[in-house]
Amino acid sequence: MNLRNEVRDLLRIYRGWLRGENLLFPCFLFAAILLFMIAVFIFWQSIPALRVVGFIDLVFGTDWQAYGIGAFIAASFLITAISVFIAVVIGLPTAIYLAEFIPARIGGLLRPFIDMLAGIPSIVYGMWGLYAFRPVLKDNIAPFIDSVLGFIPFFRIPQGYTGCGALLAGIVLAIMIFPTFIGISNDAIRMVPAAYREASFALGATRWETVKKVVLPNASSGIVAALILSIARVIGETMAVLFLCGGGRGIPQTIYGICTPMTAKIAGAVGYNLDNPVAMSALFMIGFVLFLISLMLILAVNLVMRRGRMA
Amino acid sequence: MMRRKLKTEMRNLNGRKLEERVMMIFMLLFTALALSCFFLIIGDIFTKGLGRVVEGGWDYLIKNKYEGGIGNEITGTLLLAFLSSFISIPIGVFAAVYAQEYAKQNVITKAIRFTSEVLASVPSIVFGLFGLAVFVFFISDLMELLFGYRVTFALLWGALTLAFMEIPGIIRTSEEAIKAVPITYREGSYALGAGKWHTVRKVVLPAALPGIITGVLISFGRTIGETAPIIYTAGYSPFLPHASPEALFEPVGSLTMGIYVGYMNLGLTHTVADLYGSAFILILMVVAVNVAAQLLMRYHARYLRVR
């Protein structure tokens, strides 16, 4: 009888705990440790590969048959470099133009057409890139680049070029990160105080000179942050590159080279390697490398923003 | 006399005006290029996809993949998105409330905010791998041990993985919404004798609700278009999900996976037109969600602004 009452009292206390207020901290804690859970789980799954192949051969080796993932890392870097280059070359003038040289009302009308690019699912980008853009690239753009820069072996079109490859992926990914880069750069430029511009005009500078010498240097930390965030988005992009990269083996030798970036390798190879635990574990290692790269990029963004704010 | 004055001024400008003209033309061209991308992509998907949907008619939207339609995929996408939102919204909003109202603002909370930022930029395929490792490998083994029941790909695993992806986004937008509630609201509530939780429930959250819902809608729209997290957690099924709880533990078809599977099987069971049809429906859904979010933001700005 005593025991029953005690148990009932205990239950009442524990059930009493189940008020809304007490659920807040567990949710917060869960969100806080989610990152560590992901890091730990993925690293744990990649340990077998580390044990079999060793760190250097795993990460820097380029032969997938020997479980080397270096080729995929190189491919990711190449595609990221191409797309960030294009995004900056086209996006920065766009951001400046929309912020400085267009009346605010028209700018507000045009900006959504760039922001809506962010809403298009990445697999749709892959489809568009493959079926609508690839022919244009193969028949018009690539020969143009070859004719202009073909004296450098890196820019010569390889045999049997179908259009799929690092360049196609790079261009389509650049379009994918326009909203990120242009949006954040635009915001950074608009945050430069009007007083700076007015002072520059008062000293007789033209609008372009003001942009070049006053606005851009002050917005530079924001633009660099936009750049780093764009890099983070491109490196993590999976479905679009899966459709467009061509699925090659080694390190790409030309800018058009078919290759397999890290994300596409994971997405494509899990299905084929379910029976091979070392290969699966190597794929998890790729995932862990991606995770580390994201971590370092966000650290870099925070450093840049902090330095910008102090300046 | 005016003309001579202008000529003198021009000579003293050292081509600066020319430089400005050239740069402006340059920037205008690139801006036009950037803006045209949206129309190029949407135009292509719409023209080829609309044709496929019109050709298929209502059957296309209702029948499942086995019978030649994408009804199961539309249902699956909505199921995944709603279920994952159902899981991620409470966790995300509660975490945001705790971070803003209850937690002391010290280094630990800053570190946790940093981890939330990192989570938001982790690639989606890494979440997919995490879901694979935790749900398909670990928990399925556990379930086989405990219940003798083997589950590989399941709607529940996909929804959970998507929920994990949504949580950082929901936390970020909810924190902004809660931060935007004027402190006078809280002070008034405390002055009337209300406790902290009561204030949060009855004053802060209702005031932050439009911002929170906008954030939820935006993340809902992103979840609809996700593929990588669900390839190896939810799998694909050409059939409609059952109308019973066991559907939670079975693979489920979705629009994005349908495009992926269709691409892998081009020529055998799918045509390029099929892919475009799915893409068209997918974009329609995303546009609908984004339009709803925009309308909500405009309504919020116009009618609920603090005077």
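Structural remarks
- For the pair B:GLN294 and B:ARG16, label points projected 7 Å from Cα toward Cβ lie 4.0 nm apart.
- Equivalent ellipsoid of the protein assembly as shown: semi-axes from √(5λ) of the C-alpha gyration tensor, largest first, are 41, 35, 25 Å.
- A viscosity of 1.567 mPa s and a temperature of 4 °C, combined with the Kirkwood radius over C-alpha pairs in the Stokes-Einstein formula, give the stretch B:109-162 a diffusion coefficient of 104 µm²/s.
- Residues A:GLU100, B:GLU250 in ascending order of nearby Cβ atoms (within 10 Å, fewest first): B:GLU250, A:GLU100.
- With a simple spin-label model that places each label point 7 Å from the Cα along the Cα-to-Cβ direction, the separation between B:ILE183 and A:ARG306 comes to 2.5 nm.
- Counts of other chain beta carbons within 10 angstrom of each beta carbon in peptide B:20-31 average 6.
- Shielding by other protein chains, A:91-98, mean Cβ within 10 Å: 6
- Reciprocal of mean inverse Cα separation for the stretch A:71-269 (Kirkwood radius, Å): 18.0
- Computed per residue of the protein assembly as shown from DSSP H runs no shorter than four, each worth -39500 (n - 2.57), the mean residue ellipticity at 222 nm is -23500 deg cm²/dmol.
- Applying a threshold of 25 Å to the alpha-carbon distances of B:LYS104/B:LYS202; A:LYS265/B:LYS63; B:LYS110/B:LYS202; A:LYS213/B:LYS17; B:LYS110/B:LYS179; A:LYS212/B:LYS17 flags A:LYS265/B:LYS63; B:LYS110/B:LYS202 as lying beyond it.
- Stretch in chain B that is longest and holds no chymotrypsin sites (Phe, Trp or Tyr not before Pro) that DSSP places in a loop and that have at most 16 other beta carbons within 10 Å: B:1-148
- Using the Cβ-Cβ distance between A:GLU198 and B:LEU40 with R0 = 41 Å, the FRET efficiency computed as 1/(1 + (r/R0)^6) comes to roughly 0.60.
- The 3J(HN,Hα) values that the Karplus relation (6.51, -1.76, 1.60; θ = phi - 60°) gives for the stretch B:243-251 are, in residue order, 8, 9, x, 5, 4, 4, 9, 10, x Hz. Gly and Pro appear as x.
- Cα centroid of the stretch A:150-196 to Cα centroid of the stretch B:133-192, whole Å: 34
- Size of the stretch B:63-303 as Cα extents on the principal axes (Å, biggest first): 69, 47, 32
- Per-residue ³J(HN,Hα) for the stretch A:58-64, Karplus 6.51 cos²θ - 1.76 cosθ + 1.60, θ = phi - 60°, Hz, x for Gly and Pro: 6, 7, 9, x, 10, 9, 5
- Charge dipole of the stretch A:105-224 about the Cα centre (unit charges at C-beta), most positive-ward option of A:THR162, A:PHE201, A:ALA132: A:PHE201
- Calculated FRET value between A:LEU18 and A:PHE113, using beta carbons and R₀ = 45 Å, to 0.05: 0.40
- Sequence-separation-based contact order of chain B, relative, with Cα cut under 8 Å and 6+ spacing, percent: 25
- Residue-wise HN-Hα couplings along the stretch B:184-189, as the Karplus relation 6.51 cos²θ - 1.76 cosθ + 1.60 with θ = phi - 60° gives them from phi, are 4, 4, 5, 4, x, 5 Hz; Gly and Pro carry x.
- Averaged over the residues of peptide B:100-112, the number of Cβ atoms from other protein chains lying within 10 Å of each residue's Cβ is 1.
- Alpha carbon centroid spacing (whole Å) that separates the stretch B:69-130 from the stretch A:24-39: 10
- The Rg/Rh ratio for the stretch A:50-162, using Cα coordinates for both the radius of gyration and the Kirkwood hydrodynamic radius, is 1.10.
Here, each number is a calculation from the coordinates, and none is a lab measurement. For clarity, every value in this text was computed on a predicted model and none was experimentally measured. Every residue, glycine among them, receives a Cβ derived from its backbone with ideal geometry; neighbour counts consider all protein chains shown.
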